[in-house]
Amino acid sequence: MGPNARTMEMAGKAEAIDEGEAWAPLQRERSYTTGSLSESSGLKRRNQGERAPAQVTEIKEPSNKRVKPVTKTLSATGTPQQTKVTPLKKLSLSIQRSIGCRNENRLFSFSPRTRNRDSGSAKKRSSKLWSETFDSAGEELSTREIKRQEVIFELMQGERMLVEDLHLVKKNYYEPMLKLSIMTQEELNQIFGILDTLPPLHQDLFDQLVKLRHEDGTVDQMGPTMLDWFPRLHTYKEYCCNQVAAKALLDHKRRNPAVHNFLQLCQESAFSRKLDVWSFLDLPRSRLVKYPLLLKELLKYTVPEHPDHASLSQAVSVIQAIISMINRKAGEAECEYYRKRLCYLYENQGDEDVSRSRLLLCHGELKNNKGQRLHVFLFETVLVLTRLVTNNDQPEFQVYRQPIPLPDLVLEDLPDGEVRVGGSIRGAFTAANERAKNFFRVSFRERSKGQAHTLQANDSFNKQQWVSCIRHAMVASREQSASPTTSQETPCTLINLSDLSLNCHEDKMEDG
């Protein structure tokens, strides 16, 4: 066959191929949401594009087209299936929201804890409800009884989780710091106190409650058990009274690079759940004030005819009395701690009123109208302004001017914009309306006894807390003077020592 015949034959085949491709469907351009195609198929598309660019341009779909994922599962009949939520499940979730999530600042939550993705090795804590733990639970129980069992279950879970956390503190903080000589044993004993005696105490309560549980997971009576166990909580008096000194020493030791780096590494580790060591050290106190809340919730779902109603009512009174006693002792310990750290520059400043005070109502940092930072203490008998100083690497509070006894105190709530601020170069470059907010004034009834002080809080809320706390202290002082034989009752609270700046009534965790 000659060259011309061969050329004509190849041209005929090419026309046949073009005619076949004219009716063959074009393959879709690759989508980002579909699987990758083979290299050969991609090459074929490129070749087709070279041969018929006009056709491809008209028919091809956008390369950025996405396929919407299918989220519903199809049944055997081809109809979508939806997750079935039983009435019991809905009830359990509502109980969890009403009990477990009532307080956003709640330290013990039995909902799943948020964990970092990198902390996969962290121990997963149980987040099940009572009705989820026991498969047949609640089949023949009323709604009220189901709620009652959920509260009991939450109390038991709280005991178990507390024991786990207390063991964690000793294993991951106390023992490593002692072994690595990051702190001395004396310093560690001061910071951790009698923490190692608390896990057996709460483990015992958990074991007793587990023994009360029937095969179906229900508990009939737990009031007598709580009544017998609550007196053992008197040991908390020593632990809570030590917290002020423990927090102060811990904050002081954080200045040491070795201590700071160790605690930082622990907080970034999975076992700590991103919590600081003080959050763990404060858990026992937080658990203590939780008992009245749980028992009152349990009492709400226990009918008066129930055999557990009377013992639960008595248990609420017992635990409230214990908390009031511990709170009073802890307040006295805090007051004594700061009284010992007051230093006087002049003999006529006197400390008679301070020495007679048994409670420190609140304290924190404020500024005067000259911009100077003052640490103010409101004792139950006197208001003391101080300056924070350091003596032998230990913090002390140098008494500033003359302390003001509460019977001689005059309090003025100053409107914004009334005070003129000066005395600092920085203040000259600040807008006047920004400098003249959140002020109040304290002074003597008799001006000759001492100087008045115009004080500025950080914000309006902080100012109102100070003003309210001072007013309550002045009223209590006048009532005490009018009837000195009447003892002042201490509310059933425990001071929140997580922040030693302003410890007024709003910073306390009440029992409800």
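The values are calculated or read from the model by the stated rules, or taken from the named source; none is laboratory data. All of these numbers come straight from a predicted model, not from anything done at the bench. Positions of Cβ are generated from backbone atoms using ideal geometry, with glycine treated the same way; all protein chains shown enter the neighbour counts. The area values use the complete protein model at the heavy-atom level, side chains included, leaving out ligands, DNA and RNA. Shrake-Rupley method; radii C 1.70, N 1.55, O 1.52, S 1.80 Å.
If a/c stays under 1.5 just call it rounded; otherwise compare a/b with b/c (prolate if a/b is bigger, oblate if not). Do that for the range 219-259, with a ≥ b ≥ c from the square roots of the Cα gyration tensor eigenvalues. Before the final figure, lay out the partial values.
On the way: a/c = 7.17, a/b = 3.14, b/c = 2.29.
Verdict is prolate for the range 219-259.
In plain terms, the chain from Ala310 to Gln398 could stretch by 26.3 nm, reckoned as 0.36 nm per residue minus the Cα-Cα distance. Under 1.5 on a/c is rounded, so check that first for the range 208-337, then, if it is not, pick prolate when a/b is larger than b/c and oblate when it is not; a ≥ b ≥ c are the square roots of the alpha carbon gyration tensor eigenvalues. Taking the square roots of the gyration eigenvalues as a ≥ b ≥ c, the range 208-337 is oblate.
Taking all protein chains together and rolling a 1.4 Å probe, Trp466 ends up with roughly 0 Å² accessible. Amide H contacts for Leu360 (H built 1.01 Å from N in the peptide plane; partners 5 or more residues away or on another chain; cut-off under 5 Å): Cys335. In this structure, the residue pairs whose Cα-Cα separation is over 19 Å, taken from Lys247/Lys367; Lys247/Lys463; Lys437/Lys463; Lys247/Lys370; Lys237/Lys290, are Lys247/Lys367; Lys247/Lys463; Lys247/Lys370. On the range 196-241, 49 percent of the accessible area sits on carbon and sulfur atoms, based on a 1.4 Å probe.
Go through Tyr337, Tyr173 and list them by solvent-accessible area, largest first, probe radius 1.4 Å. Walk me through the numbers on the way to the answer.
Numbers: Tyr337 35, Tyr173 0 Å².
I get Tyr337, Tyr173, largest accessible area first.
If you sort the three axes of the alpha carbon gyration tensor as a ≥ b ≥ c, you get a/c of 1.5 or more for the range 278-407 and a/b above b/c, which makes it prolate. Computed with every protein chain present, the accessible area of Thr390 is close to 100 Å² [probe 1.4 Å].
Counting only heavy atoms of the protein chains and using a 1.4 Å probe, Arg328 has close to 90 Å² of accessible surface. Between Arg445 and Tyr346, the modelled labels are 2.3 nm apart [label points 7 Å from Cα along Cα→Cβ].
A full extension of the chain between Gln267 and Thr235 corresponds to an added length of 8.6 nm, given 0.36 nm per residue minus the alpha carbon distance. Basic side chains Lys and Arg get +1 at the Cβ, acidic Asp and Glu get -1 at the Cβ, and with that the dipole of the range 143-214 about its Cα centre reaches some 320 debye. Gap in Å between the Cα centre of the range 455-474 and the Cα centre of the range 357-371? Here the two parts' Cα centres lie 10 Å apart.
Using a 1.4 angstrom probe with every protein chain in place, what is the largest-first accessible-area order of Asp353, Asp308, Asp416?
Largest accessible area first, the residues go Asp416, Asp353, Asp308.
Under a model in which nothing but the beta-carbon of Lys, Arg (+1) and Asp, Glu (-1) is charged, the range 224-274 shows a dipole of about 180 debye around its Cα centre.
How far, in nm, would the chain grow between Arg471 and Val389 when pulled straight, counting 0.36 nm per residue and subtracting the alpha carbon separation? Please report the intermediate quantities before stating the final value.
Values: separation 82, 0.36 × 82 = 29.52 nm, distance 2.87 nm.
Answer, rounded to one decimal: 26.7 nm.
Amide hydrogen proximity for Met222: with H placed 1.01 Å from N in the peptide plane, no residue at 5 or more positions away or on another chain lies under 5 Å.
On the principal axes of its alpha-carbon atoms, the range 220-294 has extents of 52, 28, 16 Å, going from largest to smallest.
Filter the GluC sites (Glu not before Pro) in the range 157-236 to those in DSSP coil with at most 11 other Cβ atoms within 10 Å of their Cβ, and list the result. Walk me through the numbers on the way to the answer.
Numbers: sites: Glu159, Glu164, Glu186, Glu187, Glu215; in loops: Glu215.
Passing sites in the range 157-236 are Glu215.
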